[in-house]
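I have placed the structure first, in the form of structure tokens, so that the comments after it can refer back to it.
The values are calculated or read from the model by the stated rules, or taken from the named source; none is laboratory data. All figures in this text were calculated on a predicted structure; none of them were measured in a lab. Ideal geometry is used to build each Cβ from the backbone, glycine not excepted, and the neighbour counts take in all protein chains shown.
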Amino acid sequence: MASQLLNVTRTLSKLSLNTKCRLGNTLIKLEQELAPQPLFSNPSRNTNFFNKLPAHDLWKGITSVSNAGKKRGRGKTVSKKNIKDLNRGQIIGVGKANIVWPGLTAPIIRGKEIVEQQQLPEDPERQKKLDALRDQMGTHRYAKLSPIERGWSGAKMPGRSIGPPDPIGEEIFTGFDSKVIELKTVFNMKGNFGRKRRVSATVVTGNQNGVAGFANGKGQEPKTALRKAKNRSGQKLMHIKIFRNHTVYHNFFTQFGATKIFVQQKPEGYGLVCHRAIKTICEVVGIKDLHAKVEGSTSVTHVMKAFFLGLIRQKSHEEIAESKGLHLVEFCKENGYFPTVLASPAKCRSPDEIKNDEILDFTQYCYDGRVVLKKKKHPPFYTKHKSYEIYLKKQEKLRNKEEVKMNLIAQYGEIRSFLTEKYPECRPYKEPKKEQAEEDSNT
Amino acid sequence: MSVFRHFSRKLVLNTFKSDIKLQINTHCSVCLRFLSYQPIHYDGKPDPGPVFIKKEVQTLLRTLTRVDLAKVFKKRRFGETQLQQPVYKFMTDEQLQEAYEEAKKKVDTFLQIPPVVAVRKPKDKVLSKDPALQGLDTSAFVFTDISYGVRDSERMILVRETDGTLREADWETRDRINQLYFPVAQRQIQTPKMFQDSNLEDLLKRGEYNFILDRACLQFDPNDPLYQKIVSITYQCVNDNNHFNELRSTRHFGSFVFFLAWNKLIDNLLLDIIESEHIEEAKALVELYSHIHQVKYESKENLQQIDEYIKNHASKKAALELAFQAYKNAAKRKGEVEEGIKRAHGLS
């Protein structure tokens, strides 16, 4: 196409009267001079995103989410805590254009002269200061909780302590501590507003000595809900029997709804091996050693209610002995299985008076005929592999090492071998101390 | 610093009589007497064994032990990390009685008194001298008969020394070899450092008599001179500090009392018993003394026997006489009061 054009221009140039005008030559020259190149263009605009809207609207777009958007779960990072307050660090009357305002930023009369409104040169530091201040603001930092203060998980409230209930008049709840069992956001449909959001809190309170209570409270904010729940639980206290200050009187079974709990009495030092809700309750009640197995539904409120039911339904040893008409005797390994009588009835029954099918086993009696399922403990999968056998053979030389080390230190004061007497260097290597190492490096 | 403390304490000691006790702690009064005790062995002249084994002596020792079931069956930790859940049972009256009877049988095993025997004589028997075998090796050889069913004390243990002599192993080697081949649980092959003088001293100062005696029983045989040394020092310490209650209702009280009676040191104990008004035990103690030292009392009545002992054989005559007189007066007054009450009720 280009070559054809060139031929056309050549013939046309030959045809012209004005021999000086040689159009075709310029075209040909151009073609020879310039190699074929793609064409570039630099677009430029006079408007951009930041110019299109006023500052107010831009800020609103960043800092807020529409109601519809909230329903759809948008804008999780947008919250009042995250929004930077632009007014901080700024004073009325001081701005980008450094103008002196008499009456606002400067006195009206200075000495004998009247101060005039004038524009001073711009202060470059002002913006930098504001920027630095705004950089530090923003991310809402959660107060770091120490492991002792922590609840069941992370920085969430369930499991955390919220102090004793508020005093009522002259009644101060000395020795009481409340712990949160549940803190959830609940919604209710209202006729005019639609979904109404509230916080529901379940709190357990106790004096770690057998007096405890639980209650639920609702409020707009978590703080109010917790306060209400805490104070209400202080109103609904129950007496709970504790055996020897550390555990339950006997094993028992309880249920509330679909939640069933098997509770076992345990000796000192065992700890609270149970559902975290039960553990929290035991901590406020004053029970230190317990085993509990929750079966069926693990709804926290149901677990709590079932456990409280079981606790208040406990029978003391005297009551059990009286109802049964037999001595209740404890056999403990630590004192050589000497029969220690815990409780005796007023009149003990004779063997003939006891029926054949009567439950005489104490554990069975406590569970009311139920039997706790004991799952068979299988050895771990790797014990059946050949590699485990090899591992055990290798471990045979090492498994007594710690004991041997302890015995050597007890006997000789150091870890040594039978050759150490003859060859004193036959001792475990000790790294030279840091000071010595520094000295060596210095010298 | 410790030397200074030692000498200052010695000075304090010398200014006080040995009977007066110094109160240092509020918890317990400890006499400032150091390990100046001499170990006393049962020489074998006469042999304490036959006297100890006599049934009458054993019953006397049991009476003196003052069996308190609560103390015998007190709660002990056996080195386990976790406590065990106790077993609860419903029992009728008869079943409960049976359980008590069984417990009492157990008491016999708990309170088995460690035997008192004469100290063993060092072994020296040489079986053969073979100087031709000297230099065979740089160490001696120990030959042990490990056949099953042989008693540790009768086991044949021979040593072929580097100079060629074949002799029976001495007692220390015997103990060591027996522990190697037929170990007794928790018995150490080498003597524990606890039984060395300084450590023993510290333990005695702290009053850990039961601990020392239990471990000594476990570690040694009763005829071991080291055992008799440790045990005698402990007994002397207990006697001097009047810490009799620590050993009462344990298995060690029997052999402790036998030791005191054998070495004529029963005065402190007799004083303690009379002051706490356990007259049965006082009678038993005096009778034990008579059994051991073949002393015949003129009177048949026990109270008068005690009187006789105090007059003729006691070393702390004055104190004992005073205490016994006080007891007699108190008993008399008590009797009169009871008589009066009976008469008032119209019973006599």
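Screening the range A:272-351 for strands (runs of 3 or more DSSP E) wholly inside it with 3 or more residues that are facing chain B (nearest Cβ under 9 Å) returns the ranges A:327-331, A:340-343. For the range B:73-95, the criterion of being touching a residue at least 60 places away in the same chain (Cβ under 8 Å) and of a type in the set (V, I, T) is met by none of the residues.
Of the strands (runs of 3 or more DSSP E) entirely within the range B:65-144, those holding at least 1 residues that are facing chain A (nearest Cβ under 9 Å) occupy B:87-91. Checked against (1) modelled with pLDDT of 90 or more; (2) surrounded by 10 or more Cβ atoms within 10 Å (Cβ to Cβ); (3) more than 30 Å from B:R187 (Cβ to Cβ), A:L392 passes all but a single condition, namely (3).
Among the residues of the range A:320-375, those that are touching a Phe, Trp or Tyr at 6+ places or on another chain (Cβ under 7 Å) and among the aromatic types (F, W, Y) comprise A:F331, A:Y337, A:F338, A:F362, A:Y367. Scanning the range A:224-252 for residues that are in contact with a helix residue (DSSP H, G or I) (Cβ under 8 Å, 6 or more places away or on another chain) and β-branched (V, I, T) yields a total of 3. Checked against the criteria, B:Q179 counts as without any contact (Cβ under 8 Å) to a residue 12 or more places away in the chain and within 21 Å of A:A410 (Cα to Cα).
Total residues in the range A:246-281 satisfying the condition of being at pLDDT below 95 and either among the charged types (D, E, K, R) or in contact with a Cys (Cβ under 7 Å, 6 or more places away or on another chain) (or both): the figure is 1. Scanning the range A:49-108 for residues being more than 23 Å from A:P124 (Cβ to Cβ), touching a strand residue (DSSP E or B) at 6+ places or on another chain (Cβ under 8 Å) and in a loop (DSSP other than H, G, I, E, B) gives a total of 1.
Can we say A:P222 is surrounded by fewer than 19 Cβ atoms within 10 Å (Cβ to Cβ) and in contact with a Leu (Cβ under 8 Å, 6 or more places away or on another chain)? Here the answer is yes, as A:P222 does meet what is asked. Looking at the range A:405-417, is at least one residue within 14 Å of chain B (Cβ to nearest Cβ) and not in a helix (DSSP H, G or I)? Yes: the range A:405-417 contains one or more residues that are within 14 Å of chain B (Cβ to nearest Cβ) and not in a helix (DSSP H, G or I). Look at B:D307 and say whether it is acidic (D, E) and surrounded by 17 or more Cβ atoms within 10 Å (Cβ to Cβ). So B:D307 passes the test.
Among residues that are of a type in the set (F, W, Y) and surrounded by 21 or more Cβ atoms within 10 Å (Cβ to Cβ), B:F182 is not included.
Which ones in the range B:284-317 are in a helix (DSSP H, G or I), more than 17 Å from B:K55 (Cα to Cα) and in contact with a helix residue (DSSP H, G or I) (Cβ under 6 Å, 6 or more places away or on another chain)? The answer is B:N302, B:Q305, B:I306, B:Y309, B:I310.
Here is the figure for the range B:213-232: residues that are charged (D, E, K, R), in a helix (DSSP H, G or I) and more than 16 Å from B:R251 (Cβ to Cβ) total 1. Residue pairs whose Cβ atoms lie under 8 Å apart, sitting 6 or more positions apart in sequence or on different chains, and linking a residue in the range A:92-110 that is without any contact (Cβ under 8 Å) to a residue 12 or more places away in the chain to a partner that is assigned to a strand (DSSP E or B), are A:A106/A:V100; A:I108/A:P102; A:I108/A:I114. Considering only residues that are under 41 Å from the mean Cα position of the chain (by Cα) and surrounded by 10 or more Cβ atoms within 10 Å (Cβ to Cβ), look in the range A:365-383 and name the one that is nearest to the other protein chains (Cβ to nearest Cβ). Applying the filter and picking the extreme gives A:C366. Among residues of the range B:283-298 being in contact with a Ser or Thr (Cβ under 8 Å, 6 or more places away or on another chain) and surrounded by 18 or more Cβ atoms within 10 Å (Cβ to Cβ), the one that is farthest from B:K328 (Cα to Cα) is B:Y297.
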